[in-house]
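Peer 1: Can you keep this structure in mind? I'll have questions shortly.
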Number of protein chains: 2
Amino acid sequence: MTESTSSTASPLSFELITTEGRARRGRVTTPHGQINTPAFMPVGTRATVKGLMPRDLAETGAEICLANTYHLHVAPGDDVVKKLGGLHTMMAWDKPILTDSGGFQVFSLPKLKMDEEGVSFNYKKSGKPIKLTPERSMLIQNNLGADIIMAFDVCVPFPCDYRPAQEAVYRTKRWLERCKAAHKREDQALFGIVQGSTYPDLRALSAQLTAEIDLPGYAIGGVSVGEGHQLMMEVVDATEPLMPKHKPRYLMGVGYPEDLVEAVARGVDMFDCVLPSRYGRSGVLFTRRGPIRVTKGKYKKDKYPVDTQCTCYGCQNFSRGYINHLLNSREILGSTLGTLHNITFYQDLMRAMRTAIEEGTFESFRKAFLDEYLSDDKKDDLNLHFNPAEITRDDLSWDTEHSIVPTKQDLRETKSAGTNKTQPSSQKSPSNKASSSEQPKKHKKSRKHYEKRSKNKPK
Amino acid sequence: MTESTSSTASPLSFELITTEGRARRGRVTTPHGQINTPAFMPVGTRATVKGLMPRDLAETGAEICLANTYHLHVAPGDDVVKKLGGLHTMMAWDKPILTDSGGFQVFSLPKLKMDEEGVSFNYKKSGKPIKLTPERSMLIQNNLGADIIMAFDVCVPFPCDYRPAQEAVYRTKRWLERCKAAHKREDQALFGIVQGSTYPDLRALSAQLTAEIDLPGYAIGGVSVGEGHQLMMEVVDATEPLMPKHKPRYLMGVGYPEDLVEAVARGVDMFDCVLPSRYGRSGVLFTRRGPIRVTKGKYKKDKYPVDTQCTCYGCQNFSRGYINHLLNSREILGSTLGTLHNITFYQDLMRAMRTAIEEGTFESFRKAFLDEYLSDDKKDDLNLHFNPAEITRDDLSWDTEHSIVPTKQDLRETKSAGTNKTQPSSQKSPSNKASSSEQPKKHKKSRKHYEKRSKNKPK
């Protein structure tokens, strides 16, 4: 089964190669080459995936990376990026690039003022006032020159009352129309974004309103804001059936390995998240048996690679003991190797899912992967300290203000910020499951919790 | 002219391939391969050259790298390094490695107590008392497992009165005998170190005393402690003629490109310095027309590579504008690219000198290189802020305590620390020449100063 589609003037086409249940194996073609889907897109906020040279990033298997409109507008300036030849030339990355619209970032800023026109805020360092509108986001993204650009949308926090969530859906639709009108470059593909918080009817409404506008791709936004795995999957279930079948579907800012597997099972094609790179820099490394915190004392003399099945340069050459030393000594190489490994792990996972769908074995892969990944044996006390909202949004303070590896002070601050967040206890986040100080029986609970989280199987 | 020598039981041999004047083209053979000399050895203090993966380091042309006894004894511990398979295995660097003895580091520590036995101090983080002796340094270096290990010597500060400098020469000799007796591994080559401060007769005495002990190589230590280019060359002139001709000569902790060229002209074979990596991380990048500070506003939109003649991955792919953005945004990639470029620049310089000596054109190369490198055209106001002692010694606070790129506060602190140092004005350091705030006519002065500094031509 191979079906292909592309809008007449669209620089992007999507080929749906095969499916298994709702899971899709596809291929996106852009002016800078192809992206095999399901795909994970590493995040290079300021036009670099922190700690990696582009050749290292390509080596992970990544076929596309992200950059951030808001951050690049602030520095070096989208005009400077344009002068330096656009993102591809500046970054020396000749594969596809996607820029987000800045919407997600600006909605996390304090002292925000929003009206129908757009969003005003002061850039916190210079105090310089900035106004972002759909038109301005398009202008900036046209200057940056990514292959895929995102609509400027209204992203509501979690939890959110029904009325403001509903208003955000309609405003997002009106802003999408303005984005499409303002978008000037025919070599860039504009994706629309579905909002609607965690309300199934608003998600359905937003999916329909967004799909009314003919675009080369569509995204599910407003997730990964602290709602947790189960609600996130409910959002996908409410949205995905109403999204155009022959266009790529992109779940924004997601997520943990288990989120990726479950969302692929629900028909999602594309993902992005800072999680593997951010975790990698601070020493939380993914393995097929679950994440480990390699900075712990138990790894100090450990001669084994992080994951014996991993083919990354780090796992082929270095021991956990050495990486433990590097990160505990705050050496750059520790962050580089951690990032390289985690992104390779994510790309390997995506590749395995693509192969499984091709071979019609996705359901068994899904079960086998989650069984091993979520098994309780030998799990580290990760003590992650992070609130998922802090992790998955590429926030504006963490990496900029602090050094590459968080200090104890950073972690304390992040932790206290995280625990102050209001969150229904039934929607515990994946990271909370491993916070031992609060949950002594974390492993059993983790397993039980996951089973509860994942009971909503895709239709 | 090819002459070779090796001590009977020595794991290291040195072949003197050819000479031009006092300049020597040679080859050192170790259990982990050959080192073409003159050679520059990048410094990987904590068993990593900051910001580079070993494969990147090999790509610069480096054939050997350094690691530090003191730092590795403190963390992860030389016993841990041994458990992880020794330095080569742990670092995944299968070429030669040299460890220094820790002597240089411990003499920069506060609250130091020295007697005939050794040196006692408190490790500043834990307050744990540590005693380093010749025997202990050998034990640690035997555990680390480098191809070349250095004697534990007495390094006096600059300036130093005659009497303590003389005492240090004799104690260094006694400690060298103890090092040789304590050194247990036949696959590691022990180098002796010549001291004597800036007193020619003490340098000659120390060279003779050291050469009395048969060793596979000899070093000139106690330089790069703030004495400046001219005095450093005078030290080499007083020492080198008394060093064994058929053994490698290693000038420790040196230095600037002009130092390397002038010391090669005086018969030195090996160098190490943190300067190219430390400068690289903070954006001071070497070019054939002199160093530039790429973080300056003038480079923000500069589309050219750092050095159009450079073949490093950075210069082949990225603009000064992008590197300016990366470093100003405190992105790791900026430090990685800066380090990769600077070490490549140093390796290219060494290769060019080796070729010139082979072809009998070293004298003209020396003049042409220095003419271009020290030319005043288009020179940046580098405003380096550093005292050379701060730069060339891999001190114990700078990189550990602060993030990878110095903040303004760091620079202010380093600057004030630097300017408080007592130093005769006639012995201005190379970095001072470019400190514009104090020396408005820096370029003319720089040239004149260099000519003054370099008037002592080798015999």
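Peer 1: Do we have residue B:316 as of a type outside the set (Val, Ile, Thr) and farther than 21 Å from residue A:57 by Cβ here?
Peer 2: Here the answer is no, as residue B:316 does not meet what is asked.
Peer 1: Further question on the same structure: Can you pull out every residue in the stretch A:360-378 that is more than 24 Å from residue A:324 (Cβ to Cβ) and touching a Phe, Trp or Tyr at 6+ places or on another chain (Cβ under 9 Å)?
Peer 2: Passing the criteria: A:370, A:374.
Peer 1: Output the residues belonging to the stretch B:81-114 that are at pLDDT 95 or above and farther than 20 Å from residue B:273 by Cβ.
Peer 2: Hits for the stretch B:81-114 are B:81, B:82, B:83, B:84, B:85, B:86, B:88, B:89, B:90, B:92, B:94.
Peer 1: Among the residues of the stretch B:47-76, what is the count of those that are charged (D, E, K, R) and in contact with a Pro (Cβ under 8 Å, 6 or more places away or on another chain)?
Peer 2: Of the residues in that region, 1 qualify.
Peer 1: Take the stretch B:305-320 and flag every residue that is over 12 Å from residue B:51 (Cβ atoms) and facing another protein chain (nearest Cβ under 9 Å).
Peer 2: Listed by number, the residues that qualify are B:313, B:316, B:317, B:318, B:319.
Peer 1: Of everything in the stretch A:321-366, what is more than 18 Å from the chain's Cα centre (by Cα), of a type in the set (Lys, Arg) and either away from every other protein chain (no Cβ under 14 Å) or within 18 Å of residue A:289 (Cβ to Cβ) (or both)? Give them in sequence order.
Peer 2: At the first step, the residues of the stretch A:321-366 found to be more than 18 Å from the chain's Cα centre (by Cα) are A:321-337, A:352, A:354-366.
From what's left, of a type in the set (Lys, Arg): A:330, A:354, A:366.
Once the filter is applied, which keeps residues that are more than 18 Å from the chain's Cα centre (by Cα), of a type in the set (Lys, Arg) and either away from every other protein chain (no Cβ under 14 Å) or within 18 Å of residue A:289 (Cβ to Cβ) (or both), the stretch A:321-366 yields A:354, A:366.
Peer 1: Look at residue B:208 and say whether it is modelled with pLDDT of 95 or more, under 20 Å from residue B:114 (Cβ atoms) and assigned by TED's automatic domain parsing to the domain that holds residue B:244.
Peer 2: When the stated conditions are applied, residue B:208 does not pass them.
Peer 1: Can you name the helices (runs of 4 or more DSSP H) wholly within the stretch B:316-377 that have at least 3 residues being surrounded by 22 or more Cβ atoms within 10 Å (Cβ to Cβ) and of a type in the set (Val, Ile, Thr)?
Peer 2: Values: elements: B:320-328, B:332-359, B:362-373.
Correct list: B:332-359.
Peer 1: Of the numbered conditions (1) over 14 Å from the mean Cα position of the chain (by Cα); (2) within 14 Å of chain A (Cβ to nearest Cβ), residue B:239 satisfies every one except a single condition; which is it?
Peer 2: (2)
Peer 1: Could you please tell me which pairs satisfy a Cβ distance under 7 Å, a separation of 6+ or placement on different chains, a first residue in the stretch A:55-80 that is under 18 Å from residue A:189 (Cβ atoms) and free of Cβ contacts under 8 Å to residues at least 60 places away in the same chain, and a second residue that is surrounded by 22 or more Cβ atoms within 10 Å (Cβ to Cβ) and of a type in the set (Phe, Trp, Tyr)?
Peer 2: A:65/A:93
Peer 1: Could you please let me know if residue A:174 is surrounded by fewer than 18 Cβ atoms within 10 Å (Cβ to Cβ), assigned to a helix (DSSP H, G or I), among the basic types (Lys, Arg) and in contact (Cβ under 8 Å) with a residue 24 or more places away in the chain?
Peer 2: yes
Peer 1: Among what's in the stretch A:47-56 and is out of contact with any Ser or Thr (no Cβ under 8 Å at 6 or more places or on another chain) and surrounded by 23 or more Cβ atoms within 10 Å (Cβ to Cβ), pick the residue that is nearest to the other protein chains (Cβ to nearest Cβ).
Peer 2: Once the filter is applied, the top-ranked residue is A:48.
Peer 1: Evaluate the stretch B:57-73: report whether one residue or more is within 12 Å of chain A (Cβ to nearest Cβ), surrounded by 24 or more Cβ atoms within 10 Å (Cβ to Cβ), of a type outside the set (Gly, Ala, Ser) and over 22 Å from residue B:142 (Cα atoms).
Peer 2: Taking every residue of the stretch B:57-73 in turn, at least one turns out to be within 12 Å of chain A (Cβ to nearest Cβ), surrounded by 24 or more Cβ atoms within 10 Å (Cβ to Cβ), of a type outside the set (Gly, Ala, Ser) and over 22 Å from residue B:142 (Cα atoms).
Peer 1: Now a separate question. Of everything in the stretch B:58-79 that's out of contact with any strand residue (DSSP E or B) (no Cβ under 7 Å at 6 or more places or on another chain) and of a type in the set (Val, Ile, Thr), which residue is farthest from residue B:47 (Cα to Cα)?
Peer 2: Per the criteria, the residue is B:60.
Peer 1: For the stretch A:77-104, how many residues meet the condition of being within 13 Å of chain B (Cβ to nearest Cβ), on the phi > 0 side of the Ramachandran plot and out of contact with any Pro (no Cβ under 7 Å at 6 or more places or on another chain)?
Peer 2: Here the count works out to 3.
Peer 1: Additional query: Check residue A:280 against each of (1) in a loop (DSSP other than H, G, I, E, B); (2) more than 30 Å from residue A:240 (Cα to Cα); (3) of a type in the set (Gly, Ala, Ser) and name the one condition it does not meet.
Peer 2: Of everything listed in (1) in a loop (DSSP other than H, G, I, E, B); (2) more than 30 Å from residue A:240 (Cα to Cα); (3) of a type in the set (Gly, Ala, Ser), residue A:280 misses just condition (1).
Peer 1: Given (1) in a helix (DSSP H, G or I); (2) within 14 Å of another protein chain (Cβ to nearest Cβ), where does residue B:302 come up short, assuming only one miss?
Peer 2: If we test residue B:302 against (1) in a helix (DSSP H, G or I); (2) within 14 Å of another protein chain (Cβ to nearest Cβ), just (1) comes out false.
Peer 1: Next up: Return the residue satisfying two criteria in turn: it lies in the stretch A:25-42 and is in contact with a helix residue (DSSP H, G or I) (Cβ under 7 Å, 6 or more places away or on another chain) and crowded, with 23+ Cβ neighbours inside 10 Å, and of such residues it is farthest from residue A:337 (Cα to Cα).
Peer 2: Applying the filter and picking the extreme gives A:25.
Peer 1: Then there's this: Please state which of the following conditions residue B:273 fails to meet, knowing it meets all the rest: (1) touching a Phe, Trp or Tyr at 6+ places or on another chain (Cβ under 8 Å); (2) closer than 24 Å to residue B:212 by Cα.
Peer 2: Only one criterion in (1) touching a Phe, Trp or Tyr at 6+ places or on another chain (Cβ under 8 Å); (2) closer than 24 Å to residue B:212 by Cα is unmet by residue B:273, namely (2).
Peer 1: If you take the residues in the stretch A:1-23 that are out of contact with any strand residue (DSSP E or B) (no Cβ under 9 Å at 6 or more places or on another chain) and either acidic (Asp, Glu) or modelled with pLDDT under 95 (or both), which one is surrounded by the fewest Cβ atoms within 10 Å (Cβ to Cβ)?
Peer 2: Initially, the stretch A:1-23 is screened for residues out of contact with any strand residue (DSSP E or B) (no Cβ under 9 Å at 6 or more places or on another chain), giving A:8-9, A:20-23.
Filter once more, so that each one left must be either acidic (Asp, Glu) or modelled with pLDDT under 95 (or both): A:8-9, A:20.
Details: A:8: 5, A:9: 7, A:20: 19.
Selected residue: A:8.
Peer 1: Return yes or no: is residue A:287 touching a residue at least 40 places away in the same chain (Cβ under 8 Å), of a type in the set (Ser, Thr, Tyr) and not in a strand (DSSP E or B)?
Peer 2: yes
Peer 1: Let me ask something additional. Criterion first (part of a helix (DSSP H, G or I), in the same structural domain as residue A:12 (by TED's automatic domain parsing) and either crowded, with 20+ Cβ neighbours inside 10 Å or at pLDDT 95 or above (or both)) does residue A:185 satisfy it?
Peer 2: no
Peer 1: Could you identify the single residue in B:44, B:26 that is at pLDDT 95 or above and more than 22 Å from residue B:258 (Cα to Cα)?
Peer 2: Result: B:44 is the single residue among B:44, B:26 that is at pLDDT 95 or above and more than 22 Å from residue B:258 (Cα to Cα).
The values are calculated or read from the model by the stated rules, or taken from the named source; none is laboratory data. A quick note: this is a predicted structure, and the numbers were derived from the prediction, not measured. With ideal geometry, Cβ positions are generated from the backbone for all residues, glycine too; neighbour counts draw on all protein chains shown.
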